[in-house]
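Below is one structure, written out as structure tokens, with a few remarks after it.
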Amino acid sequence: LLFIVAIGKALAPNDRIKDHVRKLSARLAELWISNNNAILSLYRNTRWDIQIPDGLDKKGCYLVSCNHQSWVDILVLQRSFNRKLPFFRFFIKSQLFWVPFLGQAWWALDMPFMKRDSKEKLAKNPQLKGRDLENARKACEKFRDIPVSMTNFPEGTRFSEEKSARLESPYRHLLSPRIGGIGQVFYALADKLDALIDVTIVYPQSRKRGQAPTFWELVTGQISEIIVRAEKRDIPPSLLGRDFRNDREFRRELTAWLSQIWQEKDELIEQIYISNAKRSASV
């Protein structure tokens, strides 16, 4: 269906019609997510414990930041926020547009496609450094007129005990966050952003077995419990619209701000594990 809508978007003769097609695309995606959520609700073996802030605006503009452990995280985010926040968007490599059907569906859903220069190209042409920020800004221009929840996993990869030890993470339950994705959104959307939605996902059984749940375990009802805690955070105005690639002072400010959030998130995860263990022991 989205592929058909993508054809309609490509053939739209003006921006007004194109906007109607965009809204239809988002509604189709939200309906698809609602169907997924209805299916997941049939699995009685999984306990969902979701707490999200009040006052979220479905017509707003947000950055959603979350810890990352599994492909399951995306479905958990969709279950937690579908039709409560604007439809989630991710930065996608421009080459992925050519993936049959999926690439065109992502385009129909207004996913921002990013052109990034390789390290080799940047080494030969240092003047190109920072061009990806301008590409991000141009890719996000459409979101100045439509609601959006830009989604980012600052760890850059899925957490595991092995990765944590190898990368010498200073956190107990997280990898060190990277500022690149958040910095791009802050630069591209700047004063358009309403807030940061700081999301923490915990799978209690992962601690017992030392492995995050898989997609197959989710759809077969093998995950015993999923805990979601979300907080709405104000974004300091001083962090918006600045070039973190070339401004070292800003890099330090953004790194310090994100590190503080990550420290609080790490403590929250520890407290959830402790509370969950006490509750299990008392049952």
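The values are calculated or read from the model by the stated rules, or taken from the named source; none is laboratory data. All figures in this text were calculated on a predicted structure; none of them were measured in a lab. Methodologically, a virtual Cβ is constructed for each residue, glycine included, from the backbone with ideal geometry; neighbour enumeration extends over all protein chains shown. Accessible surface areas use protein heavy atoms only, side chains included; no ligands, DNA or RNA. Shrake-Rupley method; radii C 1.70, N 1.55, O 1.52, S 1.80 Å.
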Within the accessible area of the stretch 1-96 (1.4 Å probe), percent carbon and sulfur: 57 percent
Need the list of aspartates and glutamates near K23 for cross-linking: C-alpha distance under 19 angstrom, and skip anything on the same chain fewer than eight residues off. D15, D57, D110, E141, D145
So with the 1.4 Å probe, I'd like the accessible area per residue for the stretch 38-85, rounded to whole Å². 49 Å²
What's the carbon and sulfur percent of the stretch 239-283's accessible surface, probe 1.4 angstrom, rounded to a whole number? 50 percent
Between S224 and L31, what length comes free when the chain is fully extended (0.36 nm per residue of separation minus the Cα-Cα distance, one decimal in nm)? 66.9 nm
State the extension gain, in nm to one decimal, for the chain segment bounded by A10 and D145, taking 0.36 nm per residue of separation less the distance between their alpha-carbons. 46.7 nm
Once both label points are put 7 Å beyond Cα along the C-beta direction, the H20-E168 separation in nm becomes 6.0 nm
Which whole-number value in Å³ per residue fits the convex hull of the alpha carbons of the stretch 140-277? 132 Å³
Show log10 I(q)/I(0) for the stretch 234-283 at q = 0.17, 0.29, 0.31, 0.32 Å⁻¹, two decimals, from a solvent-free Debye sum over equal Cα scatterers. -0.62, -1.02, -1.08, -1.10
Convex hull of the stretch 201-247 built on C-alpha atoms - directionally averaged projected area, nm²: 6.1 nm²
May I ask for the Kirkwood hydrodynamic radius of the stretch 59-109, worked out over all distinct Cα pairs and given in angstroms to one decimal? 12.7 Å
Computed over the chain, the Cα gyration tensor eigenvalues, each multiplied by 5 and square-rooted, give semi-axes in Å (largest first) of 31, 26, 18
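With +1 on each Lys and Arg Cβ and -1 on each Asp and Glu Cβ, and nothing else charged, work out how big the dipole of the chain is about its Cα centre, in Debye to the nearest 20.
On the way: 46 positive and 33 negative charges, 129 e Å.
Charge dipole of the chain: 620 debye, to the nearest 20.
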Mind scanning K18/K58; K163/K192; K58/K115; K84/K163 and naming the pairs with a C-alpha gap bigger than 27 Å? K163/K192; K58/K115; K84/K163
